[in-house]
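Every number in this text was worked out from the coordinates using simple rules, so none of it is lab data. None of these values were measured; they are calculated from a predicted model. Backbone-built Cβ (ideal geometry, glycine too); neighbour counts: all protein chains shown.
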Amino acid sequence: MNTNTSGMAMAATQGLSRQSATPLAQQLAARYAERIQQRLMLPGSRLPSVRDCARQHGVSPYTVVAAYDQLLAQGLLEARKQRGFFVRETLASTQRVSRAGPQPVSTAPVDASALIRGMFQADAKRAPGLGTLPAEWLDLPMIQSAMRKVLNEGSASAQLALHYGEPAGDARLREALAARMSDLGIAAAPEQIVSTVGATHALDLLTRSLLQPGDAVLVDAPGWAIEFARLSQAGMRLLPVPRGADGPDLEVMAQLVAQHAPKLYVTVSVLHNPTGNTLSLAKAHQLLKLAESADFQIVEDDTYAFLAPNHAPRLSALDGLRRTIYVSGFSKILTPAWRVGYVAASPARIATLTQLKLLSTLTTSPLLERAVAHCLEKGLLRRHAERVLTRLDAARQRSLRLAEAAGCHSVTPPAGLFGWLDTGMDTEKLAQQMMNENWLVAPGALFSPTRRPGTLMRINYATAQDAHFWKLLEHCRKSGG
């Protein structure tokens with residue numbers, strides 16, 4: 001970073017106070033906003049990187065991410081891919097400066113994009129809100145061995161590193177996935193599977209295939225913050241359906257269906273994020289009957305499949321992929337660095353998705369897909385998952401003991417990677433306070449389609465075992481936030 005940029009950063013952060021009632025992120029954003037609006041930082045000026053800004057000013061990366069997000073939302077900054085954040089020139093900002101002077105920065109709690117960027121900056125030891133397993137829980141030797149094996153299998157396999165992959169995905173991977181899905185009770189031929197760049201890419205392809213802007217989509221409430229943000233950005237109308245211990249509230253869903261004629265229901269049947277709940281067999285049958293009568297499709301996201309029993313009810317197993325579309329991936333169990341996901345659906349749907357995949361990414365990595373196939377074929381991934389589950393059981397017990405000692409309690413039966421806790425205080429405010437102390441927290445409002453505030457938060461059992469975090473949370477509760 002050049003001297004001029006460093007000087008601007010120092011000036012922008014003078015006077016940040018941890019004793020102030022205003023969160024550090026808001027203070028930091030306000031100071032940058034003031035300098036931009038006073039033209040002390042000119043259009044095109046580059047802001048410090050997230051890590052540099054955090055290091056220079058003694059705040060957490062999460063605080064900087066939240067501050068930059070506020071400035072992006074106001075149109076004062078633009079993010080340039082792989083380059084950083086730059087002051088933006090807009091007519092509106094020029095008019096604001098000339099007519100009204102500096103504008104106050106509104107309070108903007110952690111949102112979905114801030115959570116995503118915070119995850120990329122996160123130290124798992126200080127991230128109870130993390131969405132993945134910590135790196136030390138993953139099997140690096142297995143990953144390295146799988147890649148070496150693929151490259152050493154012979155000239156044909158080695159050529160995978162030099163060419164585009166097959167449009168639908170590596171044939172061996174799709175064979176292995178068909179066998180894996182059979183273990184879950186889902187009958188799908190390899191021709192009914194298309195690989196994707198992770199499960200998120202799969203969901204994006206399905207949105208573009210099945211929906212048009214303005215269409216209504218049923219979603220779980222609470223549900224996955226990133227999916228809400230993605231659907232909303234695509235112009236969809238979200239219809240929240242309360243999620244209970246055994247699945248969605250079908251009475252509410254039926255009312256929404258009658259009023260809005262939704263095209264799609266997006267759900268996590270097994271180890272639901274954030275509650276950890278799993279759909280009951282009875283509720284699954286009722287849901288499929290409603291979908292049939294109302295003529296809407298169901299996208300079943302089974303991202304946490306390796307952390308759940310194979311016999312857990314899957315809608316796709318009961319329906320035979322007629323009205324259901326199955327999505328999964330390997331970022332939660334193998335490594336998030338290998339962006340390998342997949343969709344299983346009817347042959348006609350797969351043909352459409354393969355065409356869309358060609359237009360969006362051409363193909364996916366044949367080398368990574370063959371390595372995943374190797375891990376599946378040899379049972380390496382299954383044995384790794386068994387070890388993770390043993391470790392996760394112990395982490396869940398420890399995290400819950402610490403949470404209860406801090407005055408929190410589970411509002412759903414503990415299961416899987418995530419816990420859904422009642423803290424007894426406003427968790428958006430808590431997230432800001434924790435951010436100031438370099439802790440990444442996932443407040444309950446993130447998982448509400450309407451950003452409903454409350455006292456709930458999601459924890460990752462694997463990364464919520466630090467007693468210091470819970471002592472700090474307890475102090476916040478006792479001090480009234």
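Between segment 415-481 and segment 163-192, how many Å separate their Cα centres?
First find each Cα centre; the distance between them is then 39 Å.
How big is D for segment 378-481, in µm² s⁻¹ as a whole number, if Stokes-Einstein is applied with the Kirkwood radius of its Cα pairs at 4 °C and 1.567 mPa s? Don't skip to the end; give the middle numbers.
Details: Rh = 14.4 Å.
Estimated via Stokes-Einstein, D reaches 90 µm²/s.
Among 82, 365, 203, which residue has its Cα furthest toward the positive end of the charge dipole of the chain, with +1 on Lys/Arg Cβ and -1 on Asp/Glu Cβ?
82
For each pair in 149/332; 125/149; 263/429; 81/263, compute the distance between the two Cα atoms and list the pairs where it is over 30 Å.
Working: 149/332 23 Å; 125/149 32 Å; 263/429 36 Å; 81/263 33 Å.
Pairs exceeding 30 Å: 125/149; 263/429; 81/263.
What is segment 238-316 by shape, rounded, prolate or oblate, if you read a ≥ b ≥ c off the alpha carbon gyration tensor as root eigenvalues and call it rounded for a/c under 1.5, prolate for a/b larger than b/c, and oblate otherwise? It would help to have the intermediate numbers written out before the result.
On the way: a/c = 1.91, a/b = 1.76, b/c = 1.09.
Prolate, because a/c is 1.5 or more and a/b exceeds b/c.
Could you give me D for segment 206-365, from Stokes-Einstein at 10 °C and 1.306 mPa s, where the hydrodynamic radius is the Kirkwood radius over C-alpha pairs? Units µm² s⁻¹, please.
Details: Rh = 16.2 Å.
Taking Rh from Cα pairs, D becomes 98 µm²/s.
Take every DSSP beta bridge with both residues inside the chain and express the antiparallel ones as a percent of the total, to the nearest 5. Write out the running numbers ahead of the final one.
Numbers: 24 of 41 bridges.
Of all bridge pairs located within the chain, approximately 60 percent are antiparallel.
Going toward the positive end of the dipole of the chain, with +1 on Lys and Arg Cβ and -1 on Asp and Glu Cβ, which of 390, 344, 315 do you reach last?
Projecting each Cα onto the dipole axis, the largest value belongs to 390.
Find how much the distance from residue 80 to residue 348 grows on full extension, using 0.36 nm per residue of separation minus their present alpha carbon separation; answer in nm with one decimal.
Numbers: separation 268, 0.36 × 268 = 96.48 nm, distance 3.80 nm.
Answer, rounded to one decimal: 92.7 nm.
Suppose every K and R has +1 on its Cβ and every D and E has -1 on its Cβ; what is the size of the dipole of segment 248-352 about the Cα centre, in Debye to the nearest 20? Please list the in-between numbers first.
Details: 9 positive and 8 negative charges, 52 e Å.
Here segment 248-352 has a charge dipole of around 240 debye.
Can you tell me what share of the DSSP beta bridges in segment 157-279 is antiparallel? A percent to the nearest 5 is fine.
On the way: 2 of 11 bridges.
Of the beta bridges lying entirely in segment 157-279, close to 20 percent run antiparallel.
Can you list which of the trypsin sites (Lys or Arg not before Pro) found in segment 151-244 are DSSP loop residues with at most 16 other C-beta atoms within 10 Å? Write down the numbers at each step before the final one.
Numbers: sites: 172, 174, 180, 208, 230, 237, 243; in loops: none.
Here no trypsin sites (Lys or Arg not before Pro) fit, given the DSSP loop and packing criteria.
Averaging the inverse of every distinct alpha carbon separation and then flipping it gives the Kirkwood radius. What is it for segment 280-338, in angstrom units?
Numbers: mean 1/r = 0.0799 Å⁻¹.
This gives a value of 12.5 Å.
Looking at segment 244-332, which trypsin sites (Lys or Arg not before Pro) are DSSP coil and have at most 14 other C-beta atoms within 10 Å of their C-beta? Numbers along the way, then the final one.
Working: sites: 263, 283, 289, 314, 322, 323, 332; in loops: 263, 314, 322, 323, 332.
Those that pass, being in a loop and sparsely packed, are 322.
Give the span of segment 380-425's Cα atoms along each principal axis, as three whole-Å numbers ordered largest to smallest.
Extents along the principal axes, in whole Å: 43, 16, 14.
When the chain is fully extended, how far beyond the present Cα-Cα distance does residue 293 get from residue 322, taking 0.36 nm per residue of separation? Spell out each step's value before the answer.
On the way: separation 29, 0.36 × 29 = 10.44 nm, distance 1.37 nm.
That pair, residue 293 and residue 322, stretches by 9.1 nm at full extension.
Taking just the alpha carbons, could you work out the radius of gyration and Dmax for the chain, both in angstroms?
23.4, 70
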